[in-house]
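Some notes on the structure that comes next.
The values are calculated or read from the model by the stated rules, or taken from the named source; none is laboratory data. Model, not experiment: these values are computed from the prediction. Using ideal geometry, Cβ is built from the backbone for each residue, glycine included, and neighbour counts are taken over all protein chains shown.
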Amino acid sequence: MTDHLTVAALAQAIGWAFAVGALLLLVLTVLPQTRTIARGLWPILVSEAGILAAGVLPWFLPSWALFTLLVIVASRIGFESGTVHGLIAARPVRLMYSLLLPVACVMAWFGDSALVLPGAAALMLASLLAMSFSRPRSLVGDLARFSIFPLIPFAVFCHLAGQPGMASLIVLAFFLVETFDSFSLLGGKLFGKTLLVPRLSPRKTWEGLATGSATLFMAVLALVSWLGLPLLEMLMGGMVVIASAITGDLLGSAAKRSASVKDYPPVMKVQGGLLDIIDSWIVAGPCLVGFYFLTAGQ
């Protein structure tokens, strides 16, 4: 998969996809039956332009600059997650949550894969067990939830970002996640009637999921045709991204629902917090990389 896949090619694909999305939204704005919904989506499209640039451009930077940026991101989402978890925990614990993520990012970046990845898996298992057997809203249970998301996924994401040759797969995951999320939102606005997971995410619908999934696979087929990528592997990778993107989004939603808040502390008015923006990506990126290595050995 990676032989013909480059960050530069994906950046072009993302630019074309954004142009197609903008044109589609323009058409929907002109049509009387969809005009009201479409007008409300223009601020989101404008903010999406900034998100796409921020998701792609760092991968052209030197490794030290990318590392510095990831530590800054870790500090921000540590603050956001710490703020949400801090609503149901003591104030010193809130500060601890805010500091754990950048520390984990640094350790994961410089760590050896033979230690980081098995360690992350073991910590995930221990956290799941702790959450299962702890009392509701206890410190142990809350720390376990924080470890499951966002600590472990983001630490693994940072580790993979520091490995040679991983940038194209991580940016591919970003492209597919943003395509899936954007058109799931559009499909939900236009056709959404049946709630997907009412308890965790009252705005997500099965109709939105179908629209986002169909559009993601259209993007996959376009990449296969343009870059000569293996069709079956890309289609399977697309399914991995859909499943992991939904998982990341629901994990983020679960933390917010536990604290009875709608969004993490916002960085963009129409998007919410940084963790609201990248929750799907930090799960889908490592999952897509893992899928690639599993299939590469076959």
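Looking at the structure I just gave you, is Met234 at pLDDT 95 or above and under 14 Å from Thr179 (Cα atoms)? No; evaluated as a whole, the condition is false for this residue.
For Ser134, state whether it is modelled with pLDDT under 95, in contact with a helix residue (DSSP H, G or I) (Cβ under 7 Å, 6 or more places away or on another chain), polar (S, T, N, Q) and closer than 22 Å to Asp279 by Cβ. It is false that Ser134 is modelled with pLDDT under 95, in contact with a helix residue (DSSP H, G or I) (Cβ under 7 Å, 6 or more places away or on another chain), polar (S, T, N, Q) and closer than 22 Å to Asp279 by Cβ. Filtered by the rule that a residue be under 16 Å from Asp181 (Cβ atoms) and hydrophobic (A, V, I, L, M, F, W, C), region 244-261 gives Ala245, Ile246, Leu250, Leu251. Checking each residue in region 30-39 for being free of Cβ contacts under 8 Å to residues at least 12 places away in the same chain and in a helix (DSSP H, G or I) picks out Val30, Arg35, Thr36, Arg39.
Looking across Lys204, Lys256, Lys262, Lys193, one residue alone is touching a helix residue (DSSP H, G or I) at 6+ places or on another chain (Cβ under 8 Å), under 23 Å from Ala17 (Cβ atoms) and charged (D, E, K, R). It is Lys204.
The residue that is surrounded by the fewest Cβ atoms within 10 Å (Cβ to Cβ), among those in region 96-143 that are of a type in the set (D, E, K, R) and over 19 Å from Leu66 (Cα atoms), is Arg135. Flag not set for Ala245, criterion: touching a helix residue (DSSP H, G or I) at 6+ places or on another chain (Cβ under 6 Å) and either part of a loop (DSSP other than H, G, I, E, B) or under 14 Å from Ile148 (Cβ atoms) (or both). Kindly evaluate Pro43 against the criterion of being in contact (Cβ under 8 Å) with a residue 24 or more places away in the chain, closer than 26 Å to Ile246 by Cα and out of contact with any Lys or Arg (no Cβ under 6 Å at 6 or more places or on another chain). Taking the combined requirement at face value, the residue satisfies it.
For (1) of a type in the set (A, V, I, L, M, F, W, C); (2) under 28 Å from Leu160 (Cβ atoms); (3) in contact with a Phe, Trp or Tyr (Cβ under 8 Å, 6 or more places away or on another chain), each residue gets a yes or a no:
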| residue | (1), (2), (3) |
| --- | --- |
| Leu10 | yes, yes, yes |
| Gly15 | no, yes, no |
| Leu26 | yes, no, no |
| Val30 | yes, no, no |
| Ala49 | yes, yes, yes |
| Phe60 | yes, yes, no |
| Ala74 | yes, yes, yes |
| Ile77 | yes, yes, yes |
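Here's the yes/no breakdown for (1) part of a loop (DSSP other than H, G, I, E, B); (2) of a type in the set (Gly, Ala, Ser); (3) over 24 Å from the mean Cα position of the chain (by Cα); (4) surrounded by 12 or more Cβ atoms within 10 Å (Cβ to Cβ):
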| site | (1), (2), (3), (4) |
| --- | --- |
| Leu5 | yes, no, no, yes |
| Leu10 | no, no, no, yes |
| Ala17 | no, yes, no, yes |
| Val20 | no, no, no, yes |
| Leu28 | no, no, yes, yes |
| Pro43 | no, no, no, yes |
| Ser47 | no, yes, no, yes |
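Check region 154-171 and report whether any residue there is assigned by TED's automatic domain parsing to the domain that holds Leu41, more than 16 Å from the chain's Cα centre (by Cα) and assigned to a helix (DSSP H, G or I). For region 154-171, residues assigned by TED's automatic domain parsing to the domain that holds Leu41, more than 16 Å from the chain's Cα centre (by Cα) and assigned to a helix (DSSP H, G or I): absent.
Just one of the listed residues (Leu172, Leu176, Leu151) is closer than 22 Å to Arg257 by Cβ and crowded, with 24+ Cβ neighbours inside 10 Å, and it is Leu151.
Scanning region 254-271 for residues that are outside any loop (DSSP other than H, G, I, E, B) and surrounded by fewer than 20 Cβ atoms within 10 Å (Cβ to Cβ) yields Ala254, Arg257, Ser258, Ala259, Met268. The residue pairs whose first member lies in region 178-206 and is over 21 Å from Phe217 (Cβ atoms) and assigned by TED's automatic domain parsing to the domain that holds Val241, whose second member is surrounded by 14 or more Cβ atoms within 10 Å (Cβ to Cβ) and among the aliphatic types (A, V, I, L, M), and whose beta carbons are closer than 7 Å, counting only pairs six or more residues apart or on different chains, are Val197/Leu250; Leu200/Leu250; Leu200/Ala254; Ser201/Leu250; Pro202/Leu195.
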